[in-house]
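The values are calculated or read from the model by the stated rules, or taken from the named source; none is laboratory data. It should be emphasised that the depicted structure is a prediction, and the values quoted were computed from it without experimental measurement. Every residue, glycine as well, gets a Cβ built from its backbone with ideal geometry; the counts of neighbours run over all protein chains shown.
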Amino acid sequence: MIALAAVAIVLPFLGAVAGLLPAGLLPAGLLPGGPLSGGPSGGRLSRLALGRPRATRAGPAVVAIAPVAVSTLLTLIVALAVWTDPGARTRTLAVVPTGTVPFEVGVYVDGLSAAVAFMVCCVALAVQVYSSSFMAADRRHRSFAALVSLFTAAMLLVVLSGDLIVLFAGWEVMGLCSCLLIGHRRARVALLGFLITGAGDVAFLFGIFVLGVGAGTFSVRGVLAYDYPQATAIAGTLLLVAGFASRSVRCSSYMSHMRSPDVRSPEVRSPDAAVAGTPAGALIHATAMAAAGVYVVARIFPVFARAPATLTVLGVLAGISMLGAALAALVQDDLTMVLAYSTISQVGYMAAGLAAGARDAAIFQLLAHGAYKALLFLGAGCVIAVVGSGLLRDMGGLRLAMPVTFWSMSIGWAALAGVPVASGFFSVDAILAAVQHAAVDHAGGTAPAADSAAPGQGIAPWAAVFVYVALLLTVAVTGAYAARAWLMTFFGERRAAPGAVPVSASVPALMRWPVAALAVPSLVLGFFGLGSAVLRPEPTPTLAGLAMVAAGAGAAFVVWNRDPALDPARVLGRPVRAVRTVRTVLARAFSLGGGDERALLRPVRALAGFAAAADERVVAAAVEGTGRAMRRLGGPLRTTAAGGNPQAYVTGLLAGVAVIALAVVVFR
Amino acid sequence: MHVVYPAVVAALLFSVGVYGVLARRNAILVLMSVELMLGAVNLNLVAFDAWTRDRLHGGQALALFTIAIAAAEVGLGLAIALLVFRTRRTIDVDALRTLREDRELDERDVSAAHPEGAAAERRAP
């Protein structure tokens, strides 16, 4: 079974390698070609290399889909095996000596990693199937698919690795892939973000160092078994949380570059397939990238449970980010962006669950969210394809035009908002219950929630109360933005964007069916939680959550119903660029992830300027001064009769070396 | 095998290389002598790697680097020698002194600070 897991990691990687190979090195069947696909490069190259124009259209799709499909199957087998026979299995495939603490290449499989690995594979498979239909005409489909494959392999490495150093390698490759996926459209922005938030990854790495050196091993098993002193645990986990938080910020700022281009603006000539391909890219970001941070925390959760200060910090960060991101999602005018910000908000839910000590609830939410958010992103792609624009104000009335997408996405929005019997209802409810326990029980002085280590070890009471309030507010806002997006997309009058060219009149089956298939887990996944006592709904949080959802969604409906042709977010103020209304602040997501990285850029620029000045005045001056002095000193030698003879120079050089060596030996 | 044998061989090789670099007049032979010196270094790297039982085999890895760089270097060196021979019909290193620095060129530091003074000086002789 360990072998199966290892193969599941390696397969998408091989797929990525095959996808990135130069066209001439691939067999003919795997090349893009034919009249419809294969741009100037692929088609012609293949003909040149092989002397015949025969190339199947399905080639790139096979390279993209097959490895991920097999991986999905393998992870399913692994997950079923773990389900029937629970317990952690681990095996070390190789030990890499480093001189101090060695690290090992190995696989660690337990219920947590098997479930998350299966979820990752499913999402990746859906993205690959979907984009192979969508981007069939795009000559960059091959590299896109290869990057998604690489992303999948890296994520599986993070999930299944038995060692923190190897996990970090996967984490970095994910960051690189996300940078490259953005680079598909905006290379410079991607590079900038990559450089700036590298600092966060350094913090993450140092967190791993602290934990690994403290335990004397980097293996997950060893770290979990080791009894850390509280100070070590707090230092290590705080660094990890810093890395996680910076990755999430990067993620959100990246996703704002996933904004689909406005078809009305003059610089966008033709809204091509890339417009609707963006949800796929945003999806792989959202689910995999954000989930990776939550997963890492859950993986070594016992260590976090020893560090109450870290849990408090995590809780406060979660509270702020979930509410802020939900508010930002409320006013976005781009369907992809609504979903992107909603993802940040949902990751806040998971982090809140972790902070409250409820690991199972957080992972439950992670899995449910993976299902319904994939559905929503891919459904958004279908909608964008039919409308030809990514903006909410260009949509509307699509209920009858695309029934499959409508019903699937309705389930997805319901799950996101937490409407009963959809999966999101159960998972959000479990988190609400856990946070409520943490808040109330601490105040009452009794034992803390579910699986935190010992009394008095969990999140600080005030933070728990803060998180609880933020959660309830976020649930309401989530209901509001879900209702807004749902109503604006599918109800009201059909609007047409001037200049928007629909990519296809109807949704191709290969795009429609992944969406419909994802509706099933979105609907029924919640019932799996009923088997566990920790995840079962409890009356108080359930009622509170339901009331908040109803309030949020109801408010959105009331405002929308007054004039279905307008955006319900108008009550927050008009979208004026220069004026700082509530709406503009929210639309730019508090300037954190909006259009530019100015908030991050300025300090970095200042620091760089300081470093450059110091370099010029101190370091460079010393170096140049030394060089000039030496030049003067050697002047007479260079201009003697032997000038110009390199051998004379080398003789001088060697004589100098000999003198220095002699001096070292004699005077030491 | 005791480490002194490869060490002595390496020292001898290196000395031969140094002699060649200093005394040979044919540029090709100078290049070959440089290769001898590099070979001596490689021998040392590998020998001491084995002697210290380095678990990471840093010496071997470094030797591979050296070999790769030496290959690149000899390619460049031969190309330069070939071009020099084509233009000048000689590759005698004693005869190739075009890049010699003259006294007035040596005043470049001064000329950067006072361009017109240096120009006047250069015209004077």
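Summary of computed values
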{"quantity": "Residues being within 14 Å of chain A (Cβ to nearest Cβ), surrounded by 14 or more Cβ atoms within 10 Å (Cβ to Cβ) and either under 19 Å from B:ARG24 (Cβ atoms) or among the polar types (S, T, N, Q) (or both) - total across segment B:47-94", "calculated": "5"}
{"quantity": "Cβ pairs under 6 Å, 6+ apart, first in segment A:632-651 and more than 7 Å from chain B (Cβ to nearest Cβ), second at pLDDT 75 or above", "calculated": "A:ALA642/A:ALA648"}
{"quantity": "Qualifying residue in segment A:553-560 (condition: buried (at least 19 other Cβ atoms within 10 Å of the Cβ), under 22 Å from A:ILE344 (Cα atoms), at pLDDT 80 or above and not acidic (Asp, Glu))", "calculated": "yes"}
{"quantity": "Flag for A:PHE103 being within 14 Å of chain B (Cβ to nearest Cβ), in contact (Cβ under 8 Å) with a residue 60 or more places away in the chain and over 16 Å from the mean Cα position of the chain (by Cα)", "calculated": "yes"}
{"quantity": "Selected residue (only one of A:LEU525, A:LEU535 is modelled with pLDDT under 85, assigned to a loop (DSSP other than H, G, I, E, B) and crowded, with 21+ Cβ neighbours inside 10 Å)", "calculated": "A:LEU535"}
{"quantity": "Residues that are of a type in the set (Val, Ile, Thr) and in a loop (DSSP other than H, G, I, E, B), drawn from segment B:1-26", "calculated": "B:VAL3"}
{"quantity": "Among (1) farther than 18 Å from A:GLY216 by Cα; (2) surrounded by 15 or more Cβ atoms within 10 Å (Cβ to Cβ) - the single one A:THR92 does not satisfy", "calculated": "(1)"}
{"quantity": "Any hit, segment A:168-180, residues being modelled with pLDDT of 90 or more, in a helix (DSSP H, G or I), surrounded by 16 or more Cβ atoms within 10 Å (Cβ to Cβ) and not small (Gly, Ala, Ser)", "calculated": "yes"}
{"quantity": "Selected residue [at pLDDT below 95 and under 30 Å from A:GLY627 (Cβ atoms)] from B:ARG108, B:ARG53", "calculated": "B:ARG108"}
{"quantity": "Any hit, segment A:54-75, residues being of a type in the set (A, V, I, L, M), buried (at least 20 other Cβ atoms within 10 Å of the Cβ), outside any helix (DSSP H, G or I) and modelled with pLDDT under 85", "calculated": "yes"}
{"quantity": "Among (1) modelled with pLDDT of 75 or more; (2) more than 10 Å from chain B (Cβ to nearest Cβ); (3) loosely packed, with under 14 Cβ neighbours inside 10 Å, the one test that A:LEU601 misses", "calculated": "(1)"}
{"quantity": "Every pair of residues 6+ apart whose Cβ atoms lie under 8 Å, when the first sits in segment A:606-629 and is more than 14 Å from every other protein chain (Cβ to nearest Cβ) and in contact (Cβ under 8 Å) with a residue 24 or more places away in the chain while the second is surrounded by 11 or more Cβ atoms within 10 Å (Cβ to Cβ) and basic (Lys, Arg)", "calculated": "none"}
